[in-house]
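The values are calculated or read from the model by the stated rules, or taken from the named source; none is laboratory data. Since this is a predicted model, take the numbers as computed values, not measurements. Here the Cβ positions follow ideal geometry from the backbone for every residue, glycine too, while neighbour counts run over all protein chains shown.
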Amino acid sequence: MIFEILQYGFMQRALISGVAVAITCSAIGLFLVLRQQSLFADGLSHMAFGGIAIGLFTNLYPIWTALIVSILAALGITRLRESTKMPPDSAIAVLLSTGLAIGVILIGLAGGFTLDLYSFLFGSILLISIQDQETILLASAVILSILYFFYQKLIYVTFDEEQAKVSGINVSRLNYLFVILASISVIVSVRLVGVLLISSLIVIPNITAIMFGKGFKKTALISLSIAVLSVLLGVIISYIMNLAPGGTIVITSVTAYLVAMTTKYFKKKIVMWNGVARSSRTIR
(Lines give C-alpha, C1' and ligand atoms only; values in the text may rest on other atoms or scores of the structure.)
Protein backbone atom coordinates (compact mmCIF):
# COMPACT_ATOMS: atom_id res chain seq x y z
CA MET A 1 0.00 0.00 0.00
CA ILE A 2 2.67 2.51 1.06
CA PHE A 3 4.91 1.70 -1.92
CA GLU A 4 1.94 2.22 -4.25
CA ILE A 5 1.28 5.62 -2.68
CA LEU A 6 4.88 6.68 -3.16
CA GLN A 7 4.56 6.13 -6.90
CA TYR A 8 2.32 9.18 -7.24
CA GLY A 9 4.09 12.41 -8.17
CA PHE A 10 1.96 14.58 -5.85
CA MET A 11 2.79 12.31 -2.89
CA GLN A 12 6.50 12.48 -3.66
CA ARG A 13 6.35 16.28 -3.79
CA ALA A 14 4.33 16.41 -0.57
CA LEU A 15 6.74 14.17 1.34
CA ILE A 16 9.92 15.83 0.06
CA SER A 17 8.57 19.32 0.74
CA GLY A 18 7.20 18.21 4.10
CA VAL A 19 10.55 16.84 5.25
CA ALA A 20 12.32 20.07 4.21
CA VAL A 21 9.79 22.18 6.11
CA ALA A 22 9.92 19.88 9.15
CA ILE A 23 13.71 20.21 9.40
CA THR A 24 13.56 23.99 9.00
CA CYS A 25 10.75 24.48 11.52
CA SER A 26 12.48 22.20 14.00
CA ALA A 27 15.72 24.20 13.78
CA ILE A 28 14.02 27.60 14.08
CA GLY A 29 11.60 26.38 16.71
CA LEU A 30 14.29 25.13 19.08
CA PHE A 31 15.77 28.62 19.40
CA LEU A 32 12.29 30.12 19.84
CA VAL A 33 11.39 27.65 22.60
CA LEU A 34 14.70 28.14 24.42
CA ARG A 35 14.21 31.93 24.19
CA GLN A 36 10.76 31.45 25.75
CA GLN A 37 9.17 32.86 22.61
CA SER A 38 7.19 29.77 21.62
CA LEU A 39 4.14 31.79 20.62
CA PHE A 40 6.14 34.13 18.39
CA ALA A 41 5.52 31.75 15.49
CA ASP A 42 1.81 31.93 16.27
CA GLY A 43 1.95 35.73 16.10
CA LEU A 44 3.81 35.56 12.77
CA SER A 45 1.28 33.09 11.38
CA HIS A 46 -1.57 35.48 12.21
CA MET A 47 0.30 38.31 10.51
CA ALA A 48 0.72 35.96 7.55
CA PHE A 49 -3.06 35.52 7.58
CA GLY A 50 -3.43 39.29 7.26
CA GLY A 51 -0.84 39.32 4.47
CA ILE A 52 -2.60 36.54 2.59
CA ALA A 53 -5.89 38.43 2.88
CA ILE A 54 -4.17 41.52 1.44
CA GLY A 55 -2.85 39.46 -1.48
CA LEU A 56 -6.22 37.92 -2.28
CA PHE A 57 -7.98 41.26 -1.92
CA THR A 58 -5.53 43.08 -4.23
CA ASN A 59 -5.13 40.17 -6.69
CA LEU A 60 -1.44 39.81 -5.83
CA TYR A 61 0.31 36.51 -5.12
CA PRO A 62 -0.68 35.86 -1.45
CA ILE A 63 2.57 34.17 -0.45
CA TRP A 64 4.62 37.24 -1.39
CA THR A 65 2.31 39.66 0.41
CA ALA A 66 2.25 37.38 3.45
CA LEU A 67 6.06 37.22 3.45
CA ILE A 68 6.45 41.00 3.22
CA VAL A 69 3.85 41.67 5.94
CA SER A 70 5.31 39.02 8.28
CA ILE A 71 8.89 40.26 7.92
CA LEU A 72 7.93 43.91 8.42
CA ALA A 73 5.79 43.02 11.43
CA ALA A 74 8.51 40.87 12.98
CA LEU A 75 11.14 43.58 12.51
CA GLY A 76 8.77 46.25 13.85
CA ILE A 77 7.83 44.26 16.95
CA THR A 78 11.47 43.37 17.63
CA ARG A 79 12.43 47.02 17.36
CA LEU A 80 9.51 48.05 19.58
CA ARG A 81 10.40 45.42 22.18
CA GLU A 82 14.04 46.54 22.27
CA SER A 83 13.28 50.24 22.49
CA THR A 84 10.44 50.05 25.02
CA LYS A 85 11.41 46.85 26.88
CA MET A 86 8.01 45.42 25.99
CA PRO A 87 7.55 41.88 27.39
CA PRO A 88 7.63 39.12 24.71
CA ASP A 89 4.05 38.01 25.42
CA SER A 90 2.79 41.57 24.92
CA ALA A 91 4.61 41.81 21.59
CA ILE A 92 3.03 38.54 20.47
CA ALA A 93 -0.42 39.81 21.50
CA VAL A 94 0.10 42.84 19.23
CA LEU A 95 1.01 40.57 16.32
CA LEU A 96 -1.98 38.29 16.90
CA SER A 97 -4.48 41.12 17.17
CA THR A 98 -3.15 43.09 14.20
CA GLY A 99 -2.96 40.10 11.85
CA LEU A 100 -6.44 38.88 12.71
CA ALA A 101 -7.92 42.38 12.45
CA ILE A 102 -6.46 42.95 8.97
CA GLY A 103 -7.60 39.53 7.78
CA VAL A 104 -11.15 39.85 9.14
CA ILE A 105 -11.64 43.35 7.67
CA LEU A 106 -10.43 42.36 4.20
CA ILE A 107 -12.38 39.09 4.21
CA GLY A 108 -15.51 41.09 5.03
CA LEU A 109 -14.82 43.56 2.22
CA ALA A 110 -14.19 40.69 -0.22
CA GLY A 111 -17.50 39.06 0.66
CA GLY A 112 -16.32 36.13 2.79
CA PHE A 113 -14.09 33.07 2.53
CA THR A 114 -12.82 31.75 -0.77
CA LEU A 115 -11.37 28.36 -1.64
CA ASP A 116 -7.87 29.85 -1.91
CA LEU A 117 -8.09 31.42 1.54
CA TYR A 118 -9.35 28.15 3.00
CA SER A 119 -6.36 26.26 1.57
CA PHE A 120 -3.95 28.81 3.08
CA LEU A 121 -5.65 28.60 6.46
CA PHE A 122 -5.63 24.82 6.74
CA GLY A 123 -2.88 23.76 4.35
CA SER A 124 -2.89 21.93 1.02
CA ILE A 125 0.29 19.87 1.01
CA LEU A 126 -1.08 17.31 -1.45
CA LEU A 127 -1.61 20.09 -4.00
CA ILE A 128 2.01 21.31 -3.98
CA SER A 129 3.31 21.94 -7.49
CA ILE A 130 6.84 21.43 -8.77
CA GLN A 131 7.40 25.21 -8.52
CA ASP A 132 6.17 25.20 -4.91
CA GLN A 133 8.51 22.33 -4.10
CA GLU A 134 11.50 24.11 -5.64
CA THR A 135 10.69 27.28 -3.69
CA ILE A 136 10.35 25.34 -0.42
CA LEU A 137 13.62 23.45 -0.94
CA LEU A 138 15.51 26.63 -1.86
CA ALA A 139 14.13 28.62 1.08
CA SER A 140 14.82 25.76 3.50
CA ALA A 141 18.40 25.41 2.24
CA VAL A 142 19.04 29.15 2.67
CA ILE A 143 17.55 29.25 6.19
CA LEU A 144 19.48 26.19 7.38
CA SER A 145 22.73 27.48 5.86
CA ILE A 146 22.40 30.83 7.67
CA LEU A 147 21.54 29.08 10.95
CA TYR A 148 24.61 26.87 10.57
CA PHE A 149 26.84 29.86 9.84
CA PHE A 150 25.62 31.80 12.91
CA TYR A 151 25.15 28.67 15.05
CA GLN A 152 27.60 29.55 17.86
CA LYS A 153 26.47 33.18 18.13
CA LEU A 154 22.79 32.21 18.18
CA ILE A 155 23.39 29.75 21.00
CA TYR A 156 25.34 32.38 22.93
CA VAL A 157 22.56 34.96 22.52
CA THR A 158 19.85 32.40 23.31
CA PHE A 159 21.32 31.34 26.65
CA ASP A 160 22.90 34.61 27.82
CA GLU A 161 22.03 37.71 25.82
CA GLU A 162 23.71 40.15 28.20
CA GLN A 163 26.97 38.22 28.21
CA ALA A 164 26.81 38.01 24.43
CA LYS A 165 26.64 41.81 24.26
CA VAL A 166 29.63 42.12 26.56
CA SER A 167 31.63 39.70 24.41
CA GLY A 168 31.15 41.95 21.37
CA ILE A 169 28.33 40.19 19.52
CA ASN A 170 25.92 42.55 17.78
CA VAL A 171 22.87 41.07 19.49
CA SER A 172 20.38 43.49 17.95
CA ARG A 173 21.46 42.72 14.39
CA LEU A 174 21.46 38.99 15.09
CA ASN A 175 17.94 39.19 16.53
CA TYR A 176 16.72 41.01 13.43
CA LEU A 177 18.27 38.33 11.22
CA PHE A 178 16.68 35.59 13.30
CA VAL A 179 13.15 37.02 13.17
CA ILE A 180 13.49 37.37 9.38
CA LEU A 181 14.44 33.68 9.16
CA ALA A 182 11.52 32.80 11.46
CA SER A 183 9.14 34.79 9.23
CA ILE A 184 10.35 33.00 6.10
CA SER A 185 10.01 29.63 7.87
CA VAL A 186 6.40 30.41 8.74
CA ILE A 187 5.53 31.39 5.17
CA VAL A 188 7.29 28.34 3.74
CA SER A 189 5.17 26.18 6.09
CA VAL A 190 1.85 27.65 4.95
CA ARG A 191 1.38 25.08 2.18
CA LEU A 192 2.13 22.26 4.59
CA VAL A 193 -0.17 22.74 7.58
CA GLY A 194 -1.81 26.12 6.94
CA VAL A 195 -1.67 29.39 8.83
CA LEU A 196 -3.65 28.16 11.83
CA LEU A 197 -1.41 25.17 12.62
CA ILE A 198 2.09 26.44 11.81
CA SER A 199 3.06 27.20 15.40
CA SER A 200 2.25 23.59 16.36
CA LEU A 201 4.80 22.22 13.88
CA ILE A 202 7.43 24.66 15.16
CA VAL A 203 6.83 24.22 18.89
CA ILE A 204 5.55 20.71 19.67
CA PRO A 205 8.54 18.63 18.37
CA ASN A 206 10.90 20.87 20.36
CA ILE A 207 9.06 20.77 23.69
CA THR A 208 8.81 17.00 23.23
CA ALA A 209 12.57 16.73 22.62
CA ILE A 210 13.39 18.94 25.61
CA MET A 211 11.59 16.49 27.93
CA PHE A 212 14.35 13.93 27.28
CA GLY A 213 16.78 16.20 29.17
CA LYS A 214 19.67 15.88 26.72
CA GLY A 215 22.22 18.46 25.56
CA PHE A 216 21.53 21.02 22.86
CA LYS A 217 22.74 18.94 19.90
CA LYS A 218 20.94 15.76 20.99
CA THR A 219 17.78 17.75 21.68
CA ALA A 220 17.99 19.26 18.20
CA LEU A 221 18.36 15.79 16.63
CA ILE A 222 15.45 14.37 18.63
CA SER A 223 13.26 17.34 17.67
CA LEU A 224 14.22 16.98 14.02
CA SER A 225 13.41 13.26 14.08
CA ILE A 226 10.00 13.85 15.67
CA ALA A 227 9.15 16.62 13.21
CA VAL A 228 10.15 14.57 10.15
CA LEU A 229 8.38 11.44 11.40
CA SER A 230 5.23 13.45 12.17
CA VAL A 231 5.15 14.84 8.64
CA LEU A 232 5.80 11.50 6.93
CA LEU A 233 3.25 9.59 9.00
CA GLY A 234 0.77 12.46 8.91
CA VAL A 235 0.79 12.75 5.13
CA ILE A 236 0.55 8.98 4.57
CA ILE A 237 -2.18 8.45 7.20
CA SER A 238 -4.19 11.43 5.90
CA TYR A 239 -4.11 10.02 2.37
CA ILE A 240 -5.07 6.48 3.41
CA MET A 241 -7.86 7.59 5.76
CA ASN A 242 -8.97 10.61 3.70
CA LEU A 243 -8.23 13.12 6.46
CA ALA A 244 -7.00 16.73 6.35
CA PRO A 245 -3.19 16.49 5.99
CA GLY A 246 -2.35 19.56 8.10
CA GLY A 247 -4.45 18.45 11.05
CA THR A 248 -3.20 14.86 10.81
CA ILE A 249 0.43 16.03 10.89
CA VAL A 250 -0.19 18.08 14.02
CA ILE A 251 -2.13 15.27 15.75
CA THR A 252 0.75 12.90 14.99
CA SER A 253 3.16 15.39 16.56
CA VAL A 254 0.88 15.79 19.61
CA THR A 255 0.72 12.00 19.95
CA ALA A 256 4.53 11.86 20.10
CA TYR A 257 4.42 14.53 22.82
CA LEU A 258 1.85 12.60 24.87
CA VAL A 259 3.84 9.37 24.53
CA ALA A 260 7.03 11.12 25.68
CA MET A 261 5.22 12.79 28.58
CA THR A 262 3.58 9.52 29.68
CA THR A 263 6.89 7.63 29.44
CA LYS A 264 8.64 10.28 31.53
CA TYR A 265 5.87 10.14 34.15
CA PHE A 266 6.07 6.36 34.55
CA LYS A 267 9.89 6.44 34.63
CA LYS A 268 9.69 8.87 37.56
CA LYS A 269 7.19 6.58 39.29
CA ILE A 270 9.42 3.54 38.76
CA VAL A 271 12.46 5.39 40.13
CA MET A 272 10.42 6.54 43.14
CA TRP A 273 9.10 3.01 43.80
CA ASN A 274 12.60 1.55 43.53
CA GLY A 275 13.86 4.18 45.99
CA VAL A 276 11.08 3.34 48.47
CA ALA A 277 11.81 -0.39 48.10
CA ARG A 278 15.53 0.13 48.78
CA SER A 279 14.73 2.28 51.82
CA SER A 280 12.43 -0.42 53.17
CA ARG A 281 15.10 -3.12 52.78
CA THR A 282 17.66 -0.87 54.47
CA ILE A 283 15.37 -0.28 57.48
CA ARG A 284 14.77 -4.01 57.83
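Return the total of residues in the stretch 33-80 being aromatic (Phe, Trp, Tyr) and in contact (Cβ under 8 Å) with a residue 60 or more places away in the chain. Quick ask: steps written out before the conclusion?
Keep residues of the stretch 33-80 that are aromatic (Phe, Trp, Tyr), which gives 40, 49, 57, 61, 64.
Cutting the leftovers down to in contact (Cβ under 8 Å) with a residue 60 or more places away in the chain gives us 40, 49.
Going through the stretch 33-80 one residue at a time, the tally reaches 2.
Every residue in the stretch 62-105 that is touching a helix residue (DSSP H, G or I) at 6+ places or on another chain (Cβ under 6 Å) and among the aromatic types (Phe, Trp, Tyr), please.
Selection gives nothing.
Hey, can you tell me all the residues within the stretch 131-146 that are under 19 Å from TRP64 (Cβ atoms) and touching a helix residue (DSSP H, G or I) at 6+ places or on another chain (Cβ under 7 Å)?
Within the stretch 131-146, ASP132, GLN133, ILE136, LEU137, ALA139, SER140, ILE143 qualify.
Going through GLY9, GLY99, GLY55, GLY50 one at a time, which residue ends up being buried (at least 21 other Cβ atoms within 10 Å of the Cβ) and modelled with pLDDT under 80?
On the way: GLY9 fails: buried (at least 21 other Cβ atoms within 10 Å of the Cβ); GLY55 fails: modelled with pLDDT under 80; GLY50 fails: modelled with pLDDT under 80.
After ruling out the rest, the residue left standing is GLY99.
For the structure I just gave you, tell me whether THR219 is in contact with a helix residue (DSSP H, G or I) (Cβ under 6 Å, 6 or more places away or on another chain), over 23 Å from VAL190 (Cα atoms) and either of a type in the set (S, T, N, Q) or at pLDDT below 85 (or both). Give the derivation first.
Values: in contact with a helix residue (DSSP H, G or I) (Cβ under 6 Å, 6 or more places away or on another chain): yes; over 23 Å from VAL190 (Cα atoms): yes; either of a type in the set (S, T, N, Q) or at pLDDT below 85 (or both): yes.
Here the answer is yes, as THR219 does meet what is asked.
Given the stretch 120-221, what helices (runs of 4 or more DSSP H) lie entirely inside it while holding 3 or more residues that are surrounded by fewer than 16 Cβ atoms within 10 Å (Cβ to Cβ) and charged (D, E, K, R)?
It comes to 161-166.
Out of (1) under 17 Å from the mean Cα position of the chain (by Cα); (2) surrounded by 21 or more Cβ atoms within 10 Å (Cβ to Cβ), the odd one out for SER238 is which?
With respect to (1) under 17 Å from the mean Cα position of the chain (by Cα); (2) surrounded by 21 or more Cβ atoms within 10 Å (Cβ to Cβ), SER238 is out only on (1).
Going by what's in this entry, would LEU67 be described as at pLDDT 75 or above and exposed (fewer than 14 other Cβ atoms within 10 Å of the Cβ)?
Details: at pLDDT 75 or above: yes; exposed (fewer than 14 other Cβ atoms within 10 Å of the Cβ): no.
Judged against the criteria, LEU67 is not a match.
Before we move on, is ALA227 surrounded by fewer than 20 Cβ atoms within 10 Å (Cβ to Cβ), at pLDDT 85 or above and either assigned to a helix (DSSP H, G or I) or small (Gly, Ala, Ser) (or both)?
Criteria not met by ALA227.
Being touching a residue at least 60 places away in the same chain (Cβ under 8 Å) and not polar (S, T, N, Q) narrows it down to one of VAL186, VAL259, so name that one. I'd like the intermediate steps shown before the answer.
Working: VAL259 fails: touching a residue at least 60 places away in the same chain (Cβ under 8 Å).
On inspection, the qualifying residue turns out to be VAL186.
Which of the following residues is crowded, with 24+ Cβ neighbours inside 10 Å, modelled with pLDDT under 80 and either touching a Lys or Arg at 6+ places or on another chain (Cβ under 8 Å) or not charged (D, E, K, R) (or both): ALA22, ALA41?
Numbers: ALA22 fails: modelled with pLDDT under 80.
Result of the check over ALA22, ALA41: ALA41.
Only one of these conditions is not met by GLY246: (1) modelled with pLDDT under 85; (2) over 11 Å from ALA22 (Cα atoms); (3) in contact with a Ser or Thr (Cβ under 6 Å, 6 or more places away or on another chain). Which number is it?
Unmet for GLY246, out of (1) modelled with pLDDT under 85; (2) over 11 Å from ALA22 (Cα atoms); (3) in contact with a Ser or Thr (Cβ under 6 Å, 6 or more places away or on another chain): (3).
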